[in-house]
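Have a look at the structure below before the remarks.
No lab work stands behind these numbers, since they all come straight from the coordinates. What you are looking at is a predicted structure, and each value in this text was computed from that prediction instead of being measured. Here Cβ is always computed from backbone atoms with ideal geometry, including for glycine, and neighbour counts include all displayed protein chains.
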Amino acid sequence: MTDQQPVRIGSEEITTVEGREVRAPYDDHLIATVPSCTTEHVERAIAIAKAVLADPLPPWRRAEILDAAAVAVAAHRDELAAIIAEEAAKPIRTARTEAERSVITFQSAAAETRLLAGEMVPMDAAQPGEGKLGFTLRVPRGVVAAISPFNFPLNLVAHKLAPALAAGCPVVLKPASQTPLSAIRLHEILMDECGLPPGWINIVTGSGGTVGDPLVTHPDVDVVTFTGSPGVGWSIAEKAFRKKVGLELGNNAPLIIDASGDWETAAQKVAVAGFSHAGQSCISTQRIYVHRSLLDDFTAALAERVGALRVGDPLDEATDVSSLISQAETDRVEGWIGEAVGAGASLVVGGQRHDRLLDPTILTGIEPDMEVSRSEVFGPLVGLAGFDSLDDALALANDTDYGLQAALFTTELDGALRAAHELDFGGVLVNEVPTFRTDQMPYGGVRDSGNTKEGPHWAVREMTRERLVVIQR
């Protein structure tokens, strides 16, 4: 048994009598144990976070800390990537990219801190306002409860911490139980190397029932930001209905390739976009609708690329795809593949399981009522279907409970504009896969994709409120 990795609440390093094991998804070896925090730890963390609001950090100081964080994360890139790869089974090259994206997240938040300002109100535009000066200030909403997922254990933590600090809000963070170590190490870096004072970020590790529920329902928490499954997310929204709640929940991202589309480029991009981190991304390309005149050529090109992907140890530089986060998730995805094949889909590539590894898989002939079409796979699988008209393709893409991002490959301006207007998703990409994202972009999901804006510009504003000031001249 390894020594317990403490978490920090205020200036105190917390351990507990009983720890929680963190095991590697790839081979189940024990990486570390972390504290099993209790409701009392949650209470203490919230109380400390609320107390630091009495001594706020000025914007220049917050920006300075965030700038230092960007520099420090860049300096620790390889160390952080190794932690991500081991605890999340994310291939090491992909893990490095996540660490590099976290640098951009902190840089963007630092810039927002320096631009955070209210607006002038034209008081004398109406007769009663003559002689008065009106303006708004943007002020912190208060304590932020942040709950992060396993699939981006560093960058999605950064997407919650950085905007909160930019807004002047202290945070109580509950990282994913499967992948807490990246967040714990990031917190250490922020406090030990970047000048973050105690209490501005506090970490509690534990189960959703023991730690998560009391965190999001606590009366002294003002903002809840959650990334995870729709069932849990909407449950949180119901429990925390008086708070500002931001949710980023899921997707089953569709891609349309019309008759004029660059299908060769699309195949090249999908071979990465559908299988990076074993498909465990909310915008992983999942459903692909290809004009029937291109379907055979596209399928062959994609199959060649996907068949060449290297499956194995996430710490091996050659690995493209490693294991899913758990055996249960592997069982589920394997079952959905079997269900689709049994219902008439054809297996083009993959579908085989090797203990904890599932080969990257392509299915053709998927139908809307199959789980691989109607649900979020969150696994190394893409499904293909042909279409005859763009009307059909748009209808198939929109036939979902999710609505995060969708995409279309086309050279026709009319088709691109139709996609922009008719695809009912928070983001529509043209001549790019729906998996594309830069960290200053907003997310704007609909339906079961949630309601949050993940980009720092929008997240900072979600964590502040406007105070109106009127002065009689």
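Annotations for the structure displayed:
- Projecting the Cα atoms of ALA253, PRO122, GLY344 onto the charge dipole of the chain (Cβ charges, centred on the Cα centre) puts PRO122 farthest toward the positive pole.
- Relative contact order for the range 254-438: 30 percent, from Cα pairs under 8 Å spaced at least 6 residues apart, divided by residue count.
- Straight-line cross-link reach from LYS132 at under 17 Å between alpha-carbon atoms covers these aspartates and glutamates, not counting any fewer than eight positions away in the same chain: GLU119, ASP124.
- Nitroxide proxy distance, nm - points 7 Å out along Cα→Cβ at ALA54 and ARG114: 3.3 nm
- Straight-distance crosslink candidates among lysines, where the alpha carbon sits under 21 Å from LYS50 and sequence neighbours closer than 8 are dropped: LYS160, LYS174, LYS239, LYS243, LYS244
- Dipole size of the chain about its Cα centre, with +1 on Lys/Arg Cβ and -1 on Asp/Glu Cβ: approximately 1780 debye, rounded to the nearest 20.
- Antiparallel bridges, percent of DSSP beta bridges restricted to the range 254-438 (to nearest 5): 20 percent
- In straight-distance terms, cross-link reach from LYS269 covers every one of the lysines whose alpha-carbon lies under 26 Å from its own, apart from those fewer than eight places away in the same chain; here that gives LYS90, LYS453.
- Here, P(r) means the percent of Cα pairs in each 5 Å bin from 0 to the largest distance; for the range 160-222 it is 4, 16, 27, 26, 18, 9, 1.
- Equivalent ellipsoid of the range 121-257: semi-axes from √(5λ) of the C-alpha gyration tensor, largest first, are 32, 21, 16 Å.
- Diffusion coefficient, µm² s⁻¹, Stokes-Einstein with Kirkwood Rh over alpha-carbon pairs of the range 254-438 at 4 °C and 1.567 mPa s: 80 µm²/s
- Local electrostatic count at ALA273 - Lys and Arg +1, Asp and Glu -1, tallied over other residues with Cβ under 13 Å: +2
- Here the mean projected area of the convex hull built on the C-alpha positions of the range 202-302 is 8.9 nm².
- Cα lying deepest toward the dipole's positive end in the chain, options LEU390, VAL321, GLN472, charges on Cβ: GLN472
- DSSP bridge pairs, the chain: antiparallel proportion in percent, nearest 5: 40 percent
- Mean shadow area of the chain over all directions, Cα convex hull, nm²: 24.1 nm²
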